[in-house]
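Chemist: Below is a structure I'd like to ask you about.
The values are calculated or read from the model by the stated rules, or taken from the named source; none is laboratory data. Since we're looking at a predicted model, the values are computed, not measured. Reconstructed Cβ throughout: ideal geometry from the backbone, glycine too, with neighbour counts over all protein chains shown. Side chains included, ligands, DNA and RNA excluded: accessible areas come from the protein's heavy atoms. Shrake-Rupley method; radii C 1.70, N 1.55, O 1.52, S 1.80 Å.
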Amino acid sequence: MIQARDHQRDRARTRQLTDLLAPSGRPSRPDDPPASASGAAPPARIRAAGRFAAALPVLIVSAVALLALVGGAETTWLPLLAVGPALASATSGPWRVLLVGFLAVALGAALGADGGAPGSGHAILLSALVAVTLASSLASALRGRRERVLAAVRSVAEAAQHALLKPVPATVGRFQVAVRYSAAAAEARIGGDLYALVPTPYGVRLIVGDVRGKGLPAVGTAALVLGVFREAAYDEPDLLDVVDRIERSLARNLASDDFVTAVVVGYPEDGHMEVVNCGHAPPLMISRSEVVAVEPTRSSPPLGLRALTGETPTLQRLPFADGDQLLLYTDGVTEARNHRREFYPLVERVARHASDDVNRTLAALHGELLAHVGGRLHDDAALLLLRRPAVRGSTTGVPAAWRAPAHPGVRRQAGAA
C-alpha cells in the first residue's frame, strides 16, 4: 500500500535522526523525503551531525578551559564553563548532563586553584557550576518525560489516521492508484482533507474533499463524511444518491457555517466515469499527454450548504478510456505559494510529470510542491491519481457486477479550463 509504505519510511527516517540528535530517547517526528523503510542506517552526514551535537557541550567546556589556561584565572572565561551542562540539557539525557557538569566543575576547580583565584570568588564560581548542572539535569529529565508523553500521543494519532484515512491499495479493480497526503500541522499526520476509494457492486467509487477549518473539529467532520461515504457507496446504485446521503448527515451534524467541498467519482461501466462536484476544485483529466480540468456543468454548493442555497449538484458522465488518468486534489495544492507569493502551477506541472507510473508521477508532484513552498505546507494537501492501464480487450478482466447500466438524464462535460 503506497501511503502505508510512505508513512513507515517517514517514521523510520525521523526516528533514526532524532535518536542520534537526542540520545535520551526523544520521540520521532514524521515528515518527508528519503530513507529506507527497512530501518537501514541513516546517511553518514546525519550520523556525523548526531555525534557533533552530542560532543558539542564537551567541546565548549574544553575550549573555555583552554582560554582560561592561556589567559589566566583572573580573566572572565571560567564562568562560561556553565554553558556546557546548560547546552547538554537540550540534546542529552540527565546522566550525560551530570557528566558534562562534573567535567566543568573539575576543570573550574583545577584552573582556579592553579591560577591563585580568590577563595571566596572561586567557591562562588564552583557553587554556580554545581547549581547550573543540577538544574540542567532536572530540565533534561522533564524534557524526556514530556517527549515520551508526546510520543504516546503521536502513536494514538497515527492509529486514528490509519482508521480514518485507510491505506489505498496500489491496484483497485482495473485501476492503478497512488495517493499523497500532507497535513499542515507540524506535529500531525492528519487534518481536514479527506479521501477514500472503495470497490462496490456499482463499480469503483472514490471521494476527495476538504473540510472547512483545521484541527480536531475538521478531523471529526472528515471522519463523519468518510463513514457515510463508505456505507452509501455500497448501498446506493446512483452516485447522486450517495452524495445526498452525505448531505443529509452533514445537515444534521454540522453547524450552520460549516461545510465540506468534495468531488465524488464513480466508474459504473466500462469506458465512462461519473463525476459529482460539490464546490471543489475541478479534477484533472490526463489523456494522451493533454491535461484538461473537468469543470462542472453547473456550480453546486459544498456539502452541508444545500439547505441555504436550494441548489442540487449535477452528475457528469465523461469518457474514460484505457491509458487515461484522473487526478483529484485539494486546494492546499493549488493555493500553495512560494516566497514570491506565486501559486503552484498544478496543470503545468502535471503535464510535465505525467507518466504511466502513477506512483512516480505523484512522487514528482509532491516533491516539487514541497520545494515550491520551501519545505513546509501551510494547508492540508491531498493528491489522488487514478489510472486505467491499457489492456488487450476493453472488457476483459472487468467484473460483470461493475458494469451497472448507465443512469438516464446525465450530462456530458460542458466546459474545460
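Chemist: Roughly speaking, what is the stretch gain from residue 59 to residue 360, that is 0.36 nm per residue apart minus the C-alpha to C-alpha distance, in nm to one decimal?
Modeler: The span from residue 59 to residue 360 would gain 103.9 nm if fully extended.
Chemist: Further question: To the nearest 0.05, how large is the calculated FRET efficiency for residue 256 and residue 128 if R₀ is 41 Å and r is the Cβ-Cβ distance?
Modeler: About 0.10, to the nearest 0.05.
Chemist: Determine the order of 272, 280 by accessible area, beginning with the largest, at a probe radius of 1.4 Å. Working shown, then result.
Modeler: Numbers: 272 45, 280 20 Å².
Most to least solvent-accessible, the answer reads 272, 280.
Chemist: Kirkwood Rh and Cα-based Rg: tell me the resulting Rg over Rh for segment 134-179, rounded to two decimals. It would help to have the intermediate numbers written out before the result.
Modeler: Values: Rg = 19.4 Å, Rh = 13.7 Å.
Rounded to two decimals, Rg/Rh equals 1.41.
Chemist: Could you tell me the calculated FRET efficiency between residue 153 and residue 244, based on Cβ-Cβ distance and R0 = 51 angstrom, to the nearest 0.05?
Modeler: E between residue 153 and residue 244, to the nearest 0.05, is 0.85.
Chemist: In addition: For segment 226-283, what mean projected area does the convex hull of the alpha carbons give, in nm²?
Modeler: Dividing the Cα hull surface by four gives the mean projection, 4.4 nm².
Chemist: Same structure, new question: Could you check the simple spin-label distance between residue 378 and residue 110, using points 7 Å along Cα→Cβ, in nm with one decimal?
Modeler: That separation, rounded to one decimal, is 5.4 nm.
Chemist: Could you compute the FRET efficiency for residue 214 and residue 322, with r as their C-beta to C-beta distance and R0 at 45 Å, rounded to 0.05? Let's see the in-between values first.
Modeler: Numbers: r = 40 Å, r/R0 = 0.88.
Rounded to the nearest 0.05, the efficiency is 0.70.
Chemist: Could you work out what % of the accessible surface of segment 232-380 is carbon and sulfur, using a 1.4 angstrom probe and leaving DNA, RNA and ligands out of the count? Don't jump to the answer; show the numbers that get you there.
Modeler: Values: 3030 of 6340 Å².
Of the solvent-accessible surface of segment 232-380, carbon and sulfur hold 48 percent.
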